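All remarks here apply to the structure that follows.
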Amino acid sequence: MSAALPPFPAPQEPFERSELLQLGSGDDDPCLRADAARNRARLLEAAGRLVAEHGAAGLTMEAVAVAASVGKGTVFRRFGDRNGLLMALLDHSEKKFQAAFVSGPPPLGPGASPVERLDAFGRALLRRMVDELELQLAAEPSGDRRFSNAPRRLLRGHVALLLRQAVPDADCELLAMTLMAYVDPAAIHYLTTQCGMPMERLEAGWTDLVTRVTR
């Protein structure tokens, strides 16, 4: 495991459903020049590839500049420092994932049955967590905010919504808490790195859990 990353600040404002896809910083304001917005997206895509290939320890401002074919100063002007880049990368990933399950193609997005969407959601989230595990662990909020931070509440709320459609007579809020525990970053870290559990087994386990809960 690489050296620990700096902690991410916990969100301070209460979360509402209307905040969907607006969890990031002011850098995503519509008034950004189109070329600056495209440049930022290109830098974040390059940073994401570096993390996927080399882990978070391999993510440096210099490496991102080379991968995106820009000057190092461009990366510093855009994100300030490495910690700013890490936070922007996670925020970028969160927005992409939210867009996929809210308005993307089925079965993750609308158009499939609630059970199919729930199965696709967990599988997609598992893959995302494994791909970004070091970043996700670094972003873990403190204990008193672990379940109340905005992105996690949104994901849990989506699971509860699908459960209410699939098993309306169940206590869907508590079931959503149970299902979300399956994709907890610390649990995934333990299962994949210490137990050596392959992704195929994790995904099959999620499908089995969803089937049993919604039977």
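Annotations for the structure displayed:
- Residues located in segment 50-74, provided they are open to solvent by less than 20 Å² (accessible area, probe 1.4 Å), of a type in the set (A, V, I, L, M) and in contact (Cβ under 8 Å) with a residue 40 or more places away in the chain: 51, 56
- Unique residue being open to solvent by 20 Å² or more (accessible area, probe 1.4 Å), assigned to a helix (DSSP H, G or I), at pLDDT 85 or above and in contact with an Asp or Glu (Cβ under 8 Å, 6 or more places away or on another chain) when the list is 123, 152, 77: 123
- Cross-chain or 6+ apart pairs with Cβ under 9 Å, segment 165-181 first and closer than 12 Å to residue 214 by Cα, then at pLDDT below 95 and not in a helix (DSSP H, G or I): 167/215
- Flag for residue 66 being modelled with pLDDT of 80 or more and not in a helix (DSSP H, G or I): no
- Per-region count, segment 33-49, residues open to solvent by less than 20 Å² (accessible area, probe 1.4 Å) and within 17 Å of residue 131 (Cβ to Cβ): 3
- Restricting attention to segment 90-112 and to residues that are open to solvent by 60 Å² or more (accessible area, probe 1.4 Å) and in a helix (DSSP H, G or I), the residue that is farthest from residue 129 (Cα to Cα) turns out to be 103.
- Check on residue 140, out of contact with any Cys (no Cβ under 7 Å at 6 or more places or on another chain), more than 16 Å from residue 92 (Cα to Cα), in contact (Cβ under 8 Å) with a residue 12 or more places away in the chain and of a type in the set (Asp, Glu): yes
- Members of segment 167-177 found to be outside any loop (DSSP other than H, G, I, E, B) and open to solvent by 30 Å² or more (accessible area, probe 1.4 Å), listed by number: 173, 174, 175, 177
- Per-region count, segment 133-149, residues aliphatic (A, V, I, L, M) and crowded, with 20+ Cβ neighbours inside 10 Å: 3
- Per-region count, segment 183-196, residues in contact (Cβ under 8 Å) with a residue 60 or more places away in the chain and assigned to a helix (DSSP H, G or I): 3
- One residue from 180, 87 being open to solvent by 60 Å² or more (accessible area, probe 1.4 Å) and part of a helix (DSSP H, G or I): 87
- Within segment 91-107, no residue satisfies the criterion of being farther than 18 Å from residue 160 by Cα and touching a Phe, Trp or Tyr at 6+ places or on another chain (Cβ under 7 Å).
- Check on residue 147, part of a loop (DSSP other than H, G, I, E, B), within 19 Å of the chain's Cα centre (by Cα), closer than 24 Å to residue 177 by Cβ and without any contact (Cβ under 8 Å) to a residue 40 or more places away in the chain: yes
- Residue among 115, 130 that alone is under 22 Å from residue 56 (Cα atoms) and either open to solvent by 20 Å² or more (accessible area, probe 1.4 Å) or not in a helix (DSSP H, G or I) (or both): 130
The values are calculated or read from the model by the stated rules, or taken from the named source; none is laboratory data. All values reported here derive from a predicted model rather than from experimental measurement. Note that we place each Cβ from the backbone using ideal geometry, even for glycine, and neighbour counts take in every protein chain shown. Ligands, DNA and RNA are excluded from the accessible area calculation, which covers all protein heavy atoms including side chains. Shrake-Rupley method; radii C 1.70, N 1.55, O 1.52, S 1.80 Å.
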